[in-house]
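Here the structure comes first, spelled out in structure tokens, and everything after it is commentary.
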Amino acid sequence: MNTKHLIVVLAVSLILARIANAHAFLDHADPKVGSTIHEAPSQVTLWMTEGLEPAFSKLQVFDSKGTEVDKKDTKVNGSTMTVSLSKLAPGKYRVSWQVVAVDTHITSGTFEFTVQ
């Protein structure tokens, strides 16, 4: 095999390895991870790194006592996920997500934000 063919084979192999290992990880969120905000948000939005399977993806928000304060209306659009919130009082909130990417890999995570 000549050098040109070897480079093409290596490049294709690297691309396929990246695709095969794709998982939906949190890219960014609103409110931002670890942020302190002055106005209570009406929803939480997550942007993931991969497309999501709506039927198997869930987003929840809990207050400091562990009470769920979202409206249980998770919506998925491609790689974006939102959930509406009840009126939040000042305090610390934990966002919890579990998603299934279109490649069928499951990932989950949590982060906090604070309302002043």
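Every number in this text was worked out from the coordinates using simple rules, so none of it is lab data. None of these values were measured; they are calculated from a predicted model. Here the Cβ is made from the backbone with ideal geometry for all residues, glycine too, and neighbour counts use every protein chain on show.
Note on 58, 92, 65: ascending count of other Cβ atoms within 10 Å places them as 65, 92, 58, the fewest first. Listed by Cβ neighbour count within 10 Å, with the fewest neighbours leading, 111, 56 appear as 56, 111. Note that region 81-93 has calculated 3J(HN,Hα) couplings of 9, 10, 9, 7, 10, 5, 4, 8, 7, x, x, 9, 10 Hz, one per residue in order, obtained from phi through the Karplus relation 6.51 cos²θ - 1.76 cosθ + 1.60 (θ = phi - 60°); glycine and proline are x.
Charged neighbours of residue 81, selected by a Cβ distance under 13 Å, balance to -4 (K, R count +1; D, E count -1).
In the structure displayed, which of 58/87; 58/92; 65/87 lie more than 18 Å apart, Cα to Cα? Walk me through the numbers before you get to the answer.
Details: 58/87 20 Å; 58/92 20 Å; 65/87 16 Å.
Distance filter (> 18 Å) returns 58/87; 58/92.
Annotation: amide H of residue 25 within the under-5 Å range of 49, 50, sequence separation 5 or more or interchain, hydrogens built in the peptide plane. For residue 71, the aspartates and glutamates whose Cα comes closer than 16 Å to its Cα, not counting residues fewer than 8 places off in the same chain, are 63.
3J(HN,Hα) along region 37-53: 10, 8, 10, 5, x, 8, 7, 10, 10, 10, 10, 9, 7, 9, x, 10, 8 Hz, from the Karplus curve 6.51 cos²θ - 1.76 cosθ + 1.60 with θ = phi - 60°, whole Hz, x for Gly and Pro. Sites listed here are GluC sites (Glu not before Pro) in region 19-79 whose DSSP assignment is loop and whose Cβ has at most 16 other Cβ atoms within 10 Å: 39. Evaluating 6.51 cos²θ - 1.76 cosθ + 1.60 at θ = phi - 60° for every residue in region 96-102, the Karplus couplings come out as 10, 9, 9, 10, 10, 6, 4 Hz, glycine and proline recorded as x. Annotation: amide H-H contacts under 5 Å for residue 112 (H modelled 1.01 Å from N, sequence separation of 5 or more, or interchain): 34, 95.
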